[in-house]
1. Looking at region 1-88, which trypsin sites (Lys or Arg not before Pro) are DSSP coil and have at most 13 other C-beta atoms within 10 Å of their C-beta?
2. Quick one: in the chain, what % of C-alpha pairs are over 19 Å apart?
3. What distance in nm separates the two pseudo spin-label positions at LYS133 and MET47, each 7 Å out from Cα along the beta-carbon direction?
4. From the square roots a ≥ b ≥ c of the eigenvalues of the alpha-carbon gyration tensor of region 92-142, which class results: rounded (a/c under 1.5), prolate (a/b over b/c), or oblate?
5. Taking amide H atoms as placed 1.01 Å from N in the peptide plane, list the residues 5 or more away in sequence, or in a different chain, whose amide H sits under 5 Å from that of TYR21.
6. Which helices count as membrane-span-like in the chain under these terms: full DSSP H, at least 15 Å along the axis by C-alpha, Kyte-Doolittle mean of 0.0 or more?
7. Based on the alpha-carbon gyration tensor of region 14-94 and its eigenvalue square roots a ≥ b ≥ c, which shape applies: rounded if a/c is under 1.5, prolate if not and a/b is larger than b/c, or oblate?
Amino acid sequence: MSIRIVADSASDLFSLEGVDYTTVPLKVRIGDTEYVDDGTVDTNQMMEHMRREKTALTTSCPNVQEWISAFAGSEEVFCITISGALSASYESCCLAADHYREQHPDAKIHIFDSKGTGAHEAMIIRHLAECIKAGMSFDETR
C-alpha cells in the first residue's frame, strides 16, 4: 500500500527521510518574473527584486492539477496546507482531492488545514511521518 504525505511549500520542509513525502509550490510573481517556492529560490535575489520593482507583487497557491499530480500513484494521502485563512491552498487541495477520488474511488485522502504556517505545518508533517513509520492505519493516523 502506498502512503504519501503532501504539503504545500509554506511548510519550508522539502524532504523527509523514511516516508514518501512531496511538496507543491506556492509562487510569488514580481513584475514579469515568477518565483516558484521549490526549495531552490534565492531569497536574497528575490528580495532585491522586490525592492527594485515598482509594481505590486502577487502570490498564488498550488493549483488543483499540482495537487493531483502530487497524489498520483498513492492509495492513501495525508495533505497539510497553510492556514485556509491566509491562502486558497486548502480549498485548492480539497478540490484536487475530490477530482482524484473520482478517478481513484478507493483512494483515501485526509486534508489538514494547519491553521498556521511554516513550523506549525512541519510539526504536523513530522507527527504524521512518525505515525506512518509506527505502522498506524490511515484511520488511526488521521
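Taken together, the values in this text are just the output of simple stated rules run on the coordinates, not laboratory data. Bear in mind the structure is a predicted one, so any value in this text is a computation, not a measurement. FYI the Cβ positions are ideal-geometry reconstructions off the backbone, even for glycines, and counts take in every protein chain you see.
1. Passing both the DSSP loop test and the Cβ count: LYS54.
2. When every Cα pair of the chain is considered, 52 percent fall beyond 19 Å.
3. Result: 3.3 nm between the two label points.
4. oblate
5. Counting only residues 5 or more places away or on other chains, the set is ILE5.
6. For the chain, where a helix must reach 15 Å along its axis and average at least 0.0, the hits are 118-133.
7. Prolate, since a/c reaches 1.5 and a/b exceeds b/c.
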